[in-house]
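Scroll down for the structure; my scribbles are underneath it.
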Amino acid sequence: MKQKEIRKVLVVNSGSSSLKYQLFDMKSETRLAKGLVERIGCGGPKDHAAALAQVVADLGDAAKGIDAIGHRILHGGEVFTDSALMTKANMAKAKKLVKFGPLHMPANLGGIEACEKIFKGVPNVGVFDTAFHIATMPDCAGMYAIDPKYYKKMGIRKYGFHGTSHKFITQAAAKFLKKPVSRVNLVTCHLGNGSSLAAIKNGGVVDTSMGLTPLAGMVMGTRCGDIDAAAVLAIMEAEKRTPAEMDTILNKKSGLLALAGSSDCRDICAKAEKGDKAAELALEMLAYRVALYIGAYNTVIGGADAIVMTGGIGENSKEVRERIIRRLGALGIKLDPKANQVRGELKVISARGSKIPVVIIPTNEELMIARDTVKVLSK
Ligand code: AMP
């Protein structure tokens, strides 16, 4: 029997109180519609099924003939090393991973269950933010140097996040460099409100800066990134903080916000421009950490074909990019200040003589989810 063409794909990002969606025609990879339903369960639609009913109403005729739905899912643990059709068995496996994302996972999986009700018979594909990393990351990078019983009992290890974005820019960079994905070596930098870097060897991840949770690695909007675990214990002890309070401090009250009074990089750049010393230090800390990881990752992949930057900051902030690239002279990387004026488009911003090109590639996680949805259903 001839397989049905998967052409019209709805991409759903279901959060605890909001649901974002985009509708694609995958023949031309064009976006037909996008939207957001907010205040689910707190003044707006009563649950995710009601939110989806609103999406159907908003889409009108466009809601007809949807072939498949792709869902963003925060955590696939070690179970999901690729995107997967969310059968009953896979839903049961995913539900066991709720412990890794108690805020996001119930909403992500609730979105799938709501789609099963509203779009009867339409297949749902799960696209996991961790899968691109966990598929290929070796144990020497992925394990923590603590008693292995914590890995065996609790799954404590590095998983990494933003996988869908790193995968998208890896594929786009390979295309741009005219190399097969399976032969491309990159350092991919997703720099936004949340930030992560990945070391890509032969098209797969060998290391990434986020860990068990998205708290590790870069200095972020409100997250501290890398920190000595003993510092966390010292604060808990001194201020008699509970784990939940400490979680809020490290995830929501640290990073740029704690250092310079705003989590928004644009505010920090504007303050630094006016001579604000705290903002200046915050930007230098951010750029230093990114440069540090670029150097390390360039080493572990045996030399990058390109450094790729994306995300709100990577795509738009010439100031931050300049501060990062200024630190990469030892790798023979030089900035082209004129090219660096670019915002939100694919462009090489390194100078002609640069040993490694630095390329800005706007990410498109929703399109990546739609592509994976087609791929899973075409197998
Ligand atoms: P994202 O999480 O990828 O949406 O990125 C959000 C971050 O990108 C915020 O910190 C914004 O301040 C930052 N951003 C967006 N545009 C600019 C810009 N023109 N200059 C500096 N930062 C920017």
Among the residues of region 222-231, are any touching an Asp or Glu at 6+ places or on another chain (Cβ under 7 Å), at pLDDT 95 or above and within 13 Å of the ligand (Cβ to nearest atom)? no
When the residues of region 142-165 are narrowed to those that are hydrophobic (A, V, I, L, M, F, W, C) and assigned to a loop (DSSP other than H, G, I, E, B), which ends up surrounded by the fewest Cβ atoms within 10 Å (Cβ to Cβ)? Ala145
Residue ID - nearest to the ligand (Cβ to nearest atom), chosen from residues in region 317-333 that are aliphatic (A, V, I, L, M) and in a helix (DSSP H, G or I): Val320
Quick check on region 252-269: of everything there that is crowded, with 21+ Cβ neighbours inside 10 Å and without any contact (Cβ under 8 Å) to a residue 24 or more places away in the chain, which residue is nearest to the ligand (Cβ to nearest atom)? Ile268
When region 285-299 is checked residue by residue, the ones that are within 15 Å of the ligand (Cβ to nearest atom) and surrounded by fewer than 19 Cβ atoms within 10 Å (Cβ to Cβ) are Met285
Looking at region 198-294, what helices (runs of 4 or more DSSP H) fall wholly within it and have at least 3 residues that are in contact with a strand residue (DSSP E or B) (Cβ under 6 Å, 6 or more places away or on another chain)? none
Among the candidates Gly302, Gly314, single out the residue that is within 11 Å of the ligand (Cβ to nearest atom) and either in a loop (DSSP other than H, G, I, E, B) or at pLDDT 95 or above (or both). Gly314
Which of the residues belonging to region 188-201 are touching a Gly at 6+ places or on another chain (Cβ under 9 Å), buried (at least 17 other Cβ atoms within 10 Å of the Cβ) and either within 16 Å of Gly303 (Cβ to Cβ) or touching a residue at least 40 places away in the same chain (Cβ under 8 Å) (or both)? Cys189, His190, Leu191, Gly192, Ser195, Leu197, Ala198, Lys201
Looking at Ala351 and the list (1) aliphatic (A, V, I, L, M); (2) surrounded by 19 or more Cβ atoms within 10 Å (Cβ to Cβ); (3) away from the ligand (no atom under 16 Å from the Cβ); (4) over 16 Å from Phe176 (Cβ atoms), which single condition is not satisfied? (2)
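The values are calculated or read from the model by the stated rules, or taken from the named source; none is laboratory data. These numbers were taken from a predicted model, which means no experiment stands behind them. Counting neighbours? That spans all protein chains shown, and the Cβs are built from the backbone with ideal geometry, glycine included.
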